[in-house]
Every structure is written in structure tokens, then in C-alpha cells.
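S.K.: Dropping the structure in here first, questions after.
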């Protein structure tokens, strides 16, 4: 499609693929709670010329809001991607290898796989497991091939539920997500990065407690494919576009196992 | 230039305009120190299938590393941009108006004003005040007009000094930056956003202690122009390009007076 | 009783009146969650002689775990204790007056008012309102007069519920505590400090949402009496002693509205 | 002395042995900086009855201000006190053994060893190494025996320098403290806890960079004796008392390698 190989901003729309970050937003219980606090308020200090500034303290994690998982986020049997011992790359300043700063910003094509549309719904049911067959059929719907080194965005419609804390976090009813065979399908396509709308790019049943993360293992550890979580994809899904120009540039926090990101999608107007 | 109105990624270069974020990086003493700490390390918890995850706690500010100042960051005589009383828009969850979440991500043209090149140097001297005349002459060098609603990036070469903490923070010798008449020049062009390489987009003399921030006042409070600080512009300056496609999407932290950002510049290969 | 006016350590027991502090402990939702994270672990840095150190980052509030409320914690109609405008004593470094650093450590007699014992129970029911009459009768049981400038510890038995998060926080069923007339009774005795076992020294009904804090107002704002919350009193209650030597020395955090404390009670062996 | 075996509060003085804690106070560069920030200010939320509350977020470490080092703070050749592998007692919630919560609050006699007085000065010189002989002679001056299981407070006079950041932190000139033979002297007396006035209970030369911590090793790792640092002893030294009743009850932060404390000394009026 023309706008991928050469587009005019005048004829393009920019879609915001990030959820707003605020104290109390839905987040994984595995990570410290996000908090923004104003330290200085206007009027606390007033300069000789009448100027004053406000500033904040932010306590966060690299896995809160819309964020990219670094390859070093997950290990399996003590090894991270590339067969490196996880114990050897972690320390007081975070990861010394495979941290999020090693993720080169991505500016390129992303194929949009709209799974709910396959089933004529806007939102997949809690706990639904996305299969390889779903992905293949969604690729057909998209009318665009998933290519090596590129990005794939997988819709579940769950960014529509962002403001429903209990539903979105899925603690009671679970969360839809890819199963292992879907992950293998993605790995076999040798994509660079995959993104989803849920808190974790996994299918989760009710409870979550004992959850394992097979998809994280297959993508991060085995295949070396980064994962974007908690994306705001519903506007892109509603556009009906099968592909977009994706701009994905996470904060370069050295040694972090993940980092918040404000991804953008550019599509024809 | 062609790549602005329509470009091919295959013929483009993507430049990273953000400085790496790490504990101990240069930052303004007005803001809480950045800190990244691993909370969970690989092996702390191992799931039944052998999987383990590492995650961090990050303490930061909205004005650390490469970041965008929200219009609500600064007030003058008690008023923020638009003549609104600053006291009425601040609270326990940050700003209730003019927070960084109100900055729409910018994807568009940026003119690159290479001030050091005017003087045949790579790095402007500490404490140098950039004038309106410097900007006009640099615009000529750029061969590209500064247009309303667009972005301007002003080079000082100081991103080359990032790893020299004492020099970069300028506490002893000061920092180069625009003076009030340069700020008025920018305001008169009705640009949307301006960016620079230093810790604060101001000219600062040695000491800094009693510093006022006239440029912040003129741009943020009076003109409603956002400011990007601590940008990594030296690669872009070295490219010799007078303009680029700038992608500027700060984290949408609701109520924050500023937010970290990973800006990208796209230029022809 | 002898041990109050002069005691021998050899014949004394020291009781710990503080609850253990840990991530996830019961706390008020009005305050930021407590978190302890190891920053450096043994082995991260090893000195030339084989030595290594571990250290942490702690994120907390002044109102978490066992803590003392500063007089400046609460205001009423814009005024703090002494009729001072609250707006004039708060800033970027906390309170500039009535902060917890102004609380002189207390070493002296405390009368123990065992309210559950009045009713032949170990734990008062959720939502029970302690009355002035309860306090008078408990004073009789204690066999010790509540005197001006001294301390009073009011038992509810709720420190026994510390490990039952939902019960202890009272979000569903409420929390027992003094009512306004009990607060007036305490104020009329002109005590210096009062302590209790619950998350807030107030009677709370189920829900808590719309709660007002009449007892905080009467004690902190009107009477200038500090409050200790989340105390671990059950051992002291079980001792059957009507009084003890109380040692109460909160951390001297300048400008804090409250501070954690490790109170001790000394009673005859 | 009478006040040790049995004292009357009416005839006693209570001395505060803690330094005030505030943002910017002197602290070891090995630990995260202390910060107190008001999250809610009076007026942010006003309850239906006119009540309002202020509260803070505190970011700290267990080794800031006046604090007690847990036995698990230091390891040597991979082992903590008792020959336990350090790697086995650390995790995402801190130490699982030898954390500060295992330190039983101390209420008992402390001998005061006033080393500066031996030399007719108020403050020991930077970098001075306290010897075993100094301690023996100071014990003589104190007129009180150092006994097993009790506490020893070693004066350097440096709490008088608390407000002189550069001097107190000793980065340029060093800090006085015990040398290894003084540490062996203390260990041979089998005391339970020792306290000092400096940032680290060690003699440090100018620079500190390559410092090893032999005294920490001898006391914490080998002898199992806790260390109190950054104490405010000058009032006690000025009293001329050779002993006091020491109350030392650090915050029971489970898993912490150390914790802030507000120690008190009680001496005859």
C-alpha cells in the first residue's frame, strides 16, 4: 500500500497506541504500583522575576502502561535468549545485557491481525486462546503478509476495557491471548516484534495465580522477539486497515527489563 | 526536500535523539534523582515450567533525560499559559490541566538550526547566549523555513558532552542557550515545539543558583510552545541536514509537568 | 506502681508495640504503598578484601505500619492546630510547622484502657464505637488514673488481626474505634498522646469511602494531642497491666505529617 | 550508678541520639538518596465536614540518618554471620535471614567512650584511627566497665559536624573511626551493639573510593555485633556521663539490611 512505501503526512492519520498512565491504572500485580506525585507546586518557590515551576516524582516499573519487554526480561531454566546464564547479566544497575536499551527503535510496517473480527465481535472473551489458525485467517483478512524483521499487532479488542479495572486485569475471569502454537506461528515468521492489548501477552485463565508464561518463553527466550503489552489498538482495529507504519521507540533506560513506550501508527487519512 | 513530503524507509536513516537513561546521569538538581533498581532477579521466583522473570522499580521525574516540558510546568506571577491561575490546576495527582498528556504526539517536519556551525565549531562555549540573529543566520544555513505549527531543533553541540557530568550540568561554567530575543524570534514564528541539547533550554551563567528562566516563560507561558530538553542532536547536526522528519511522542503521564521521550529523526540515507 | 516511679530492668519485661513492616502489609489506601527492594545484593560488588554489602530502597509513607500522626497531619476548615492556616505551612519539603520532628520523644507512664475486657472479649467487633463511658470504666479496670501530659493506650484487640488483611483494613466490615464523645473525654484529660491498634484511630463503618475523621479533628486539630496508629498492643493487654512505661520515639523526619515508630512498653517481669 | 539500676524519670534527662532526617542530609553515596515529598496537601481533598489531611511519600534506604546495621548487611567471601551463604538469604523482598527485624530492641546500659576527651578536643581529626588503647583509656575515663551483651557508644564528636555536608561525608578529608584492633577489642568484650557518630563506623582516609570495611567485617560478620551509625552523641558527650540507659529500637522492616532508628539516652538530671 502506497502509504507504507511512501506517504504524505497531509494525507495521513497518526494514531496513538499508548494507554494513558496514571496512579491506579490497571497493571500487573507482579510489578510495583505506578505513582505520580507533585513535589514542587507553583508558588512553592517563586523566582525574583515572578516565575515558578511545578515538578513531580514518579515511581514506576518498566512493565507498566504500554511497554516493551526487553529480551532479558524472561529466563528459562536459568538461561536468557542466546543461552546466556541469567545470573551473569543482572546486578545493582539492572541488566548488563539484553536490557531494553538494546532494542533499536522500530520504524516500519506492522501487519494488523484483527482476531475479534474473525468472529464478528469487538472484544474477545476472557480466557480465549488465540490459535495459529486464527492468526493465519486474520493475516488473510488483513490482506498483507507477515514478513521477517517486521512487526505484528494482534487485536483482541481489550484496549476497549482499559477503564474497567477488574475486567481488564482479568484476575477473576482471565484474559485472552495467544497460546503456544500461535507463538510458534509468530516465531516461524521471524518477526522482530509483536504487540497486544492486554496486560500480559499470554492467554490467562481465571485466577492467574499459578500462571506460567509459555508465550513469553517462546518469543523472548527462544526466538528473540520483543513483546509490546497493554497497547491501545482499538482505533487501529476500527480503521479496518490491515497494515500501518508503526513507530515504536521505548525509553532507553539502560539495564531495564522493559520500558514504557508511546507507540504511534500512521495510516492513510 | 523530498523525504519530508514523501519518503521511502528503504532510503532513510532513523536517528535516535534521546540520551540513555541511567542512575547517575546528568540531571537538573531541581528534580529528584533518577534511579533504577531490580526488584526481582532471575531465579528469585521460578515457575513450575522453569520460567523466571526480572523486573525493576524506577524512581524518576518528568524532567530527566530527554523530555518534553508540559505547558503547565511553568507559571508566571501565578498564571500558567492562557492566563489560568496555577493554583487551580495542581493537586495530589499532578496537574488537572496543561499536563503532558495534552501534548499531541508530533510527527512532522523539523528545521535544524546548527548554531555552532555558524561559528565553525562543534560545541558552543559554556554560557554562550544564542541570539535571534544566530537563529536567522542558522535558518539560512539550513536552507529551510521555520513554519508555524512545526518544530525547530536548535543545536549547541552539547549532547557531545553528555558523558562529562560536571561540564554538561554546567554548575561551574554555565550552559549555552537562547536568550530572550531568541525566544521572541521563535515565538514570532509560531512554532509548536522547540528542542535543545542542554539540561535546560536557557542560557545559564556559572553557578546557576539565582537563575531565572525567561525563555521558559516566553515559550511555555506566553506563547504556548513546548520545550524538549537534553536532546541528543549531534548525529543530526553531523548529517548536515537542515531539516528532518521529527517524531516526538512523550509518555502520556496524566497530570505530569513533563515526561521522558524517545524522539526520532528521519532523514534520507 | 513501683516500676513506674523506679524500676529494675532485671525485673522488667520489654514489650514490642510495633507491627512488622513489609511489602503488602495492611495499610490505609489513602497513603502510598510500602515497598522494600534490595538494590545491591551480596556479590554485586566485592571489595578487594572479599567484603560485600547488601542495601535497599524503601518507598513508604509517614502513615504506614505503627506510626505517630503529627499535629500538622489534619486541618479543619483550612486551619491546623493553633488556628494556623494550613496553606501556610506546607511546601515542597513537607510541613514547615507542626511536622513530626516537633514531637518530643515520650518516655513516661501510659495507662492501658482494655475495652474488650469490659465486655469479656479479646477483640471488639468491626464498627464498634468506643464511648466515653467505656473509657471511664476501663480506667477503673486499669486501676490507674489518666493524667495530664501522659499517654493513654486504648485496646481494641485488633492487633491480633494484623495478618488478616481484609478484616484488619476493615474495607468490608469496618473498624472499631472511639467516637466523638470518647475523643472529648480524652481531650478533657489533657493527655499528650493516645494510641490504638487499628489502621486509623476512628470508628469506621463498612465501606469507609465517605468517612469523616471527627476524632482526628478533636485530638489533633482542637486539643493538640498526637495519635499513634496500628500499634501492637495485644501482648500488653494480655499482661493484664493497667499501666506501663511507654517509650515512643518516632523517626525525626523533618516536615513529615507522621512517621513510623517502634514503641516499647516496659512492665514488671 | 543509681539511674542505671533504678531511676526516677522526675530526676532524669532524655537525650535524643538521632539526627534529623531531611532531603539533602549527609548520607553515604552507596545508598539511594533520601527524599520526602508531600503527596496530598491540605485542601487537596476536603471532606464533607471541612476536614482535610496532608500525607507524604518517602523514598529512603535502611542506611540513612541514624540507623542500625543488620547482621546480614555485610558478607565476607560470600558468607554472612554464622557462615551462612549470603546468596541463599537474599531475594525480592530483602533478606530472608539476619534482617533488621531480628534485632531485639535494646533497653539497657551503654558505656560512653569519649575518645576526643582523651586528647582534650571536642572533635577528632578527619581520618584519625581509633585504637584499642584509646578505647581502654576511654573506658577508664568513663569509670564504667564494658560488659558482655551490653552497648558501647564511641564518641568522635563528629555529630557536631552534621550540618557541614562536605566535612561530615568526609569525601575530601576522610572520617575518623575505629581500626581493626579497636574492632577486635570490642569483639573481645562480647558486646551486643556499638554505636558511633559518623556516616560509617570505620576509619576512612581521603577519597574513600577504594575503601574496604574491616570493622564491619569483624563486628557484623565475625562477631555478630550490630552497628549504629550517624548517631547524635555530642549532647551525651557534653554531659560527661560515662554511661547511660540506652533505648535502641530500629524500625522492624522485615528483610531490611538496616533500618532508621531514634535512639534515646536517659541520664540523671
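Quick note: the coordinates plus some simple rules give every number you see, no bench work behind them. Values in this document were obtained by computation on a predicted structure and should not be read as measured data. Glycine gets a Cβ as well: all are built from the backbone with ideal geometry, and neighbour counts include every protein chain shown.
S.K.: Mind checking A:243-252 for the average number of partner chain beta-carbons within 10 Å of each residue's beta-carbon?
M.R.: Average per residue, whole number: 5.
S.K.: Also, quick follow-up: How far apart, in nm, are two points set 7 Å out from the Cα along the Cα-to-Cβ line at residue D:188 and at residue B:269?
M.R.: Going by the 7 Å Cα→Cβ label model, 7.7 nm.
S.K.: Related question: Measuring from a point 7 Å out along Cα→Cβ, what nm distances, shortest first, does residue C:96 have to its partners in the other copies?
M.R.: For residue C:96, the other copies' label points sit at 2.4, 4.8, 5.0 nm, shortest first.
S.K.: Hey, what did region A:208-269 get for relative contact order, percent, Cα under 8 Å, at least 6 apart?
M.R.: With pairs under 8 Å counted, the relative contact order is 24 percent.
S.K.: If you don't mind, another one. Would you compute, from DSSP H runs of 4+ residues alone, the mean residue ellipticity of the protein assembly as shown at 222 nm, taking -39500 (n - 2.57) per run and dividing by the full residue count, rounded to the nearest 500?
M.R.: It lands at -3500 deg cm²/dmol.
S.K.: Right, another one. What distance in nm separates the two pseudo spin-label positions at residue C:84 and residue C:96, each 7 Å out from Cα along the beta-carbon direction?
M.R.: About 1.0 nm, to one decimal.
S.K.: Right, another one. Evaluate the distance, in nm, between pseudo-label points positioned 7 Å from the Cα of residue B:164 and of residue A:141 along their respective Cα→Cβ axes.
M.R.: Between residue B:164 and residue A:141, the label points sit 5.7 nm apart.
S.K.: Can you classify region A:136-269 as rounded, prolate or oblate using the Cα gyration tensor, where a ≥ b ≥ c are the square roots of its eigenvalues, rounded means a/c under 1.5, and otherwise it's prolate if a/b beats b/c and oblate if not? Intermediate values should be presented prior to the final figure.
M.R.: Numbers: a/c = 1.31, a/b = 1.18, b/c = 1.10.
Rounded shape, in that the Cα axes give a/c under 1.5.
S.K.: What share of the DSSP beta bridges in chain D is antiparallel, in percent to the nearest 5?
M.R.: 70
S.K.: Where is the GNM fluctuation largest for chain A (alpha-carbon springs, 10 angstrom cutoff): A:192, A:13, A:40?
M.R.: Among A:192, A:13, A:40, the largest mean-square fluctuation in the Gaussian network model of chain A belongs to A:40.
S.K.: What order do you get for D:45, D:168, B:128 when you list them from fewest to most C-beta neighbours inside 10 Å?
M.R.: Taking fewest neighbouring Cβ atoms as first place, the list is D:45, B:128, D:168.
S.K.: Okay, next question. Computed FRET efficiency, Cβ-Cβ of residue C:77 and residue A:45, R0 30 Å: what is it to the nearest 0.05?
M.R.: With R0 = 30 Å, the Cβ-Cβ based efficiency is 0.65.
S.K.: Would you order B:267, B:58 from fewest to most other beta-carbon atoms within 10 Å of each residue's own beta-carbon?
M.R.: By the 10 Å Cβ count, ascending: B:267, B:58.
S.K.: Hey, fewest Cβ within 10 Å first, where do B:234, A:42 land in order? Let's see the in-between values first.
M.R.: Numbers: B:234 22, A:42 27.
Least crowded to most crowded, the residues run B:234, A:42.
S.K.: According to the square roots a ≥ b ≥ c of the eigenvalues of the Cα gyration tensor, what is the shape class of region A:13-121, taking rounded for a/c under 1.5, prolate for a/b larger than b/c otherwise, and oblate for the remainder?
M.R.: Note, shape of region A:13-121 comes out oblate.
S.K.: Would you tell me which residue of chain B has the beta carbon closest to the rotation axis bringing chain B onto chain C, and how many whole Å away it is?
M.R.: Taking Cβ atoms only, the nearest residue and its distance are B:37, 3.
S.K.: Among A:87, A:12, A:48, which one shows the biggest mean-square fluctuation in a GNM of chain A, springs joining Cα atoms closer than 10 Å?
M.R.: In this elastic network of chain A, the residue with the biggest mean-square fluctuation among A:87, A:12, A:48 is A:48.
S.K.: Here is a further query. Counting pairs of alpha carbon atoms under 8 Å apart in space and at least six apart in sequence, what relative contact order in percent does region A:120-269 give?
M.R.: 25
S.K.: Let me ask something additional. Find how many whole Å separate the alpha carbon centroid of region B:152-215 from the alpha carbon centroid of region A:185-244.
M.R.: 41
S.K.: Let me ask something else. Tell me, what is the percent relative contact order of chain B, built from C-alpha pairs under 8 Å that lie six or more residues apart?
M.R.: Worked out over chain B, it gives 30 percent.
S.K.: For residue A:180, place a label point 7 Å from Cα along the Cα-to-Cβ direction in every copy; what are the distances to the other copies, in nm, shortest first?
M.R.: Label-point separations across copies, in nm and ascending: 5.7, 6.5, 7.0.
S.K.: What fraction of the DSSP beta bridges in the protein assembly as shown is antiparallel, stated in percent and rounded to the nearest 5?
M.R.: DSSP beta bridges in the protein assembly as shown are roughly 70 percent antiparallel.
S.K.: Would you kindly work out, in nm and rounded to one decimal, the distances from the label point of residue D:166 to those of the same position in each other copy, ordered shortest first, with label points 7 Å along Cα-to-Cβ?
M.R.: 1.2, 6.0, 6.0
S.K.: With a 10 Å cut-off between alpha carbons and a GNM built on chain A, which of A:196, A:43, A:108 moves the most?
M.R.: Maximum fluctuation in the GNM of chain A, among the listed residues, is at A:43.
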